[in-house]
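J.: Can you keep this structure in mind? I'll have questions shortly.
The numbers here are math on the coordinates, done by the rules we state, and not lab data. Treat the numbers as computed from the prediction; the structure is a model and nothing was measured. Every residue, glycine as well, gets a Cβ built from its backbone with ideal geometry; the counts of neighbours run over all protein chains shown.
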Amino acid sequence: MRPRVPGGLPTFRYQYPRAKEIRRQYDSEVLSRHRWEPTAEPFSLQPVSLAGGSPGRRPRSSIWRSPSEHGNWCARDDYLQVTGNISRFDHAVIAVADLDSAVETYRGLGFEVGMGGRHAGRGTHNAIIRFGLDYVELIAIHDADLGRAHGGNVNALISYLERTGGGPLGFALAAPDLQAVASAWRSRLTPVAGPVDMERVRPDGIRLRWRLLIPSGSAWRRPWPFLIQWETPDRERLERDAGGRHRNGANGVAGVTVVVRSVHDILPLYVRDLGLAVEAERVSEGSLAARGTRLRLGSFRIDLLEPSGYGAAADALERDGEGLFQIEIGVIDIHSAAALVRVEPGEHSRIVIPSERACGAHLVLVARN
């Protein structure tokens, strides 16, 4: 049996020939206990034996970091069998008090917004800002009595809307086999609920089906994503609901920021149970008075931030608790987008849209070809 480091965390292997030049080693308690092993070839994908254990399995390419001047690394442990089941970012969810009004608001920001439909038996309905397979969902209550009778996530949504009036709820990562993820889930932070069968009926009568795996039993306002497996094939969904031509040049969700009380506590769930790769162990957002760690899933990134002082991150943590804080959306031309939304680009050519103009959500537009 392959040995594990104290606390059940995975063992890591450093994968770059210029190991002495690389300073990107974790100084946090979580990762300082990991053992690093230089390799002879750059970006080698050959499995190695660790402390007498059997060779590790090569994971799917989606969890390997892209080559960069900082080198490459990946997690090495049997939990990598889970990694191949997390394929991509799927969607982010924003709660809104009135769906029709929110649709007009986001159209005013240059997004093409389509009506999504009603969730069967839940009293909720939604609208979709689609970019391809990834999208942003605006969700609202159309029948509060039906929603309360259903309970669960819907009660959490009703409570959140009554308390805040709207804002970021959560985000989903896509997986082709939720049962495999559920079977291998080992987090001590939270159990998982599901998979749960879901469906909604589009305005044109088309029925879409999917399944959800929900850590802690609630998808809303949690410091981790929920997981989705689509039963309706991707090709069929895109044929009926293709990505829009957004006037602001938006071309996809580039990343999200999650505010947490302790990156140290939450990071193992993302790395071990979800199999995400760490791109930068120390990131700092001065405008938010926060610092933390950046994770990568293909071209999509997740920033886990904890407050470093008094600021926007601390305010959000006090007001809403841990969970999704900010959604970054890529645009083709940052200056054209700035002219349309009437907001001047700020630091690093980022357009920060005030939350009062986005139904309580924190949106950032970033240049992405």
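J.: Using r as the Cβ-Cβ distance of A97 and H150, and R0 as 22 Å, what FRET efficiency do you calculate, to the nearest 0.05?
T.: Details: r = 19 Å, r/R0 = 0.86.
It comes out at approximately 0.70.
J.: Let me ask something else about it. So if each residue of separation counts as 0.36 nm, and I subtract the Cα-Cα distance between R207 and Q179, what length gain in nm does that give? Please report the intermediate quantities before stating the final value.
T.: Details: separation 28, 0.36 × 28 = 10.08 nm, distance 2.30 nm.
Value of the extension gain: 7.8 nm.
J.: How high is the FRET efficiency from D333 to L238, r the C-beta distance, R0 25 Å, rounded to 0.05?
T.: Once rounded, the FRET efficiency stands at 0.50.
J.: At a Förster distance of 25 Å, what's the computed FRET efficiency of L189 paired with S308, Cβ-Cβ distance as r, to 0.05? Please list the in-between numbers first.
T.: Details: r = 23 Å, r/R0 = 0.90.
With R0 = 25 Å, the Cβ-Cβ based efficiency is 0.65.
J.: Quick check: residue separation of S216 and D265 times 0.36 nm, minus the Cα distance between them. What number comes out in nm?
T.: Numbers: separation 49, 0.36 × 49 = 17.64 nm, distance 1.55 nm.
Net length gain for the segment: 16.1 nm.
J.: Roughly what would the spin-label model give for R357 and E162, points 7 Å off Cα along C-beta, in nm?
T.: Inter-label distance under the simple model: 3.3 nm.
J.: Another question, if that's okay. For labels at M198 and E344 in the simple 7 Å Cα→Cβ model, what's the distance in nm?
T.: Label-label distance for M198 and E344, simple model: 4.1 nm.
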